[in-house]
Amino acid sequence: MKADFYSMITHDLRNPAGKVLVALEMLLAGKSGADDFHLGVSAARGTIAIRTEPVNGFRPSTSVLFESAANAYAARLACVILTGMGNDGVSGLRRVKDRDGYVIAQDEAPSLIYGVPREAVNAGLVDVSLPLNLMVEYMNTLANKL
């Protein structure tokens, strides 16, 4: 993805006070820099690279990202599952829910591939499913509650 796309998304994910709700480089597990690292989150150190074996065949794995974010932020965490194939991320979402975090999934209608969101919904891990055009407003509202 191009830098201007990241800028656009980051700009759109600001709450009314101007606070950035997410740092994209933290949330894009596939952008950890190398295929032999997972991307994780540490409350004390921010984004971290984790060198471990693949998780369910994935490295980087979204599940590792979600699990580390849940450990760092617990109930103050909101995760978003977008279109994608397979089930990477679902086991990490279990940790998010165990720590009272919140999960938003892209709904099926606009999804190019509904695999990952479907797996999360079927596992009972999704709090709300939304089309992309409603996510930013919803996340801004949610951020004021977390």
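The values are calculated or read from the model by the stated rules, or taken from the named source; none is laboratory data. Worth saying up front: this structure is predicted, and the values here are computed from it rather than measured. Cβ coordinates were reconstructed from backbone atoms using ideal geometry, including for glycine residues, and neighbour counts include every protein chain displayed. For the accessible areas, the whole protein counts, side chains as well, though only heavy atoms, and no ligand, DNA or RNA atoms are used. Shrake-Rupley method; radii C 1.70, N 1.55, O 1.52, S 1.80 Å.
Miscellaneous remarks
- 3J(HN,Hα) along the range 121-133, derived from phi through the Karplus expression 6.51 cos²θ - 1.76 cosθ + 1.60 where θ = phi - 60°, amounts to 5, 4, 7, x, 9, 9, 7, 7, 10, 9, x, 3, 5 Hz, with x in place of Gly and Pro.
- For the range 41-50, Karplus couplings with θ = phi - 60° (6.51, -1.76, 1.60), whole Hz, Gly/Pro x: 10, 10, 4, 8, 10, x, 6, 9, 9, 10
- The GluC sites (Glu not before Pro) of the range 68-146 that meet both conditions, a loop assignment by DSSP and at most 16 other Cβ atoms within 10 Å of the site Cβ, are 108.
- Close amide H contacts of residue 129 (hydrogens built in the peptide plane, cut-off under 5 Å, sequence separation of 5 or more or a different chain): 105.
- Remark: spin-label model distance residue 45-residue 83 equals 3.6 nm, labels positioned 7 Å along the Cα→Cβ axis.
- Residues whose placed amide H lies under 5 Å from that of residue 55, excluding near-sequence neighbours: none
- Modelled spin-label separation between residue 75 and residue 144, with each label point placed 7 Å from Cα along the Cα-to-Cβ direction: 2.0 nm.
- Cβ-defined net charge surrounding residue 114, 15 Å radius [Lys, Arg +1; Asp, Glu -1]: -3
- When 48, 113, 81 are compared by accessible area of protein heavy atoms, the largest-first order is 113, 48, 81, using a 1.4 Å probe.
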